[in-house]
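First up is the structure itself, then whatever we jot down about it.
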Amino acid sequence: MTLTQQIITIAAVSLATILTRFIPFIIFPADKPTPKFVQYLGKVLPAAVFGLLVIYCLKGVSVTTGSHGIPELIGIAVTAVLHIWKRQMLISIAGGTIVYMLLVQLVF
């Protein structure tokens, strides 16, 4: 990249970052109530994203070959148990991921 291209790239990334940080505060100021559809999205999107991640992670699992999906099943179980126990999504995701990676690297 030339120096001009680097400057343009950095400026574009900086502008995009600034806009994504400030636009929500401009569109939804503190003195106005948040629209109902935004509140609805805030309630349903976390679970939808979590479901999407589960499907994406399991799309290539074959129960007829290799480890037969056992590390994935154990990782899901650990994630579910941690979430039921702690009710913290990040702890659940991190715990399940760590257990899965340890199983894949050290056991299977």
Checklist entry - List the pairs whose first member sits in region 32-54 and is modelled with pLDDT under 90, whose second member is outside any loop (DSSP other than H, G, I, E, B) and of a type in the set (K, R), and whose Cβ atoms are under 7 Å apart, counting only residues at least 6 apart or on separate chains? => result none
Checklist outcome for this item: Checked V61, V78 against criteria (assigned to a loop (DSSP other than H, G, I, E, B) and open to solvent by less than 60 Å² (accessible area, probe 1.4 Å)); the one match is V61
Next on the checklist: Residues that are open to solvent by 100 Å² or more (accessible area, probe 1.4 Å), closer than 30 Å to R87 by Cα and more than 25 Å from the chain's Cα centre (by Cα): does region 26-39 have at least one?
Outcome noted: yes
Item to check | The listed residue being in a helix (DSSP H, G or I), loosely packed, with under 11 Cβ neighbours inside 10 Å and modelled with pLDDT of 90 or more, out of L90, L103 | outcome: L90
Checklist outcome for this item: Expected output for region 1-27 (first residue closer than 30 Å to V38 by Cα, partner open to solvent by less than 100 Å² (accessible area, probe 1.4 Å) and among the aromatic types (F, W, Y), Cβ below 7 Å, 6+ apart or cross-chain) is none
Next on the checklist: Tell me whether region 5-15 contains one or more residues that are at pLDDT below 95 and assigned to a helix (DSSP H, G or I).
Outcome noted: no
Next on the checklist: in a helix (DSSP H, G or I) and surrounded by 12 or more Cβ atoms within 10 Å (Cβ to Cβ): is that true of Y56 in this structure?
Outcome noted: no
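The values are calculated or read from the model by the stated rules, or taken from the named source; none is laboratory data. Keep in mind it's a predicted model, so treat the numbers as computed, not measured. All Cβ positions, even for glycine, are placed from backbone atoms using ideal geometry, and neighbour counts span all protein chains on display. Please note that ligands, DNA and RNA were not included when accessible areas were found on the heavy atoms of the full protein model with its side chains. Shrake-Rupley method; radii C 1.70, N 1.55, O 1.52, S 1.80 Å.
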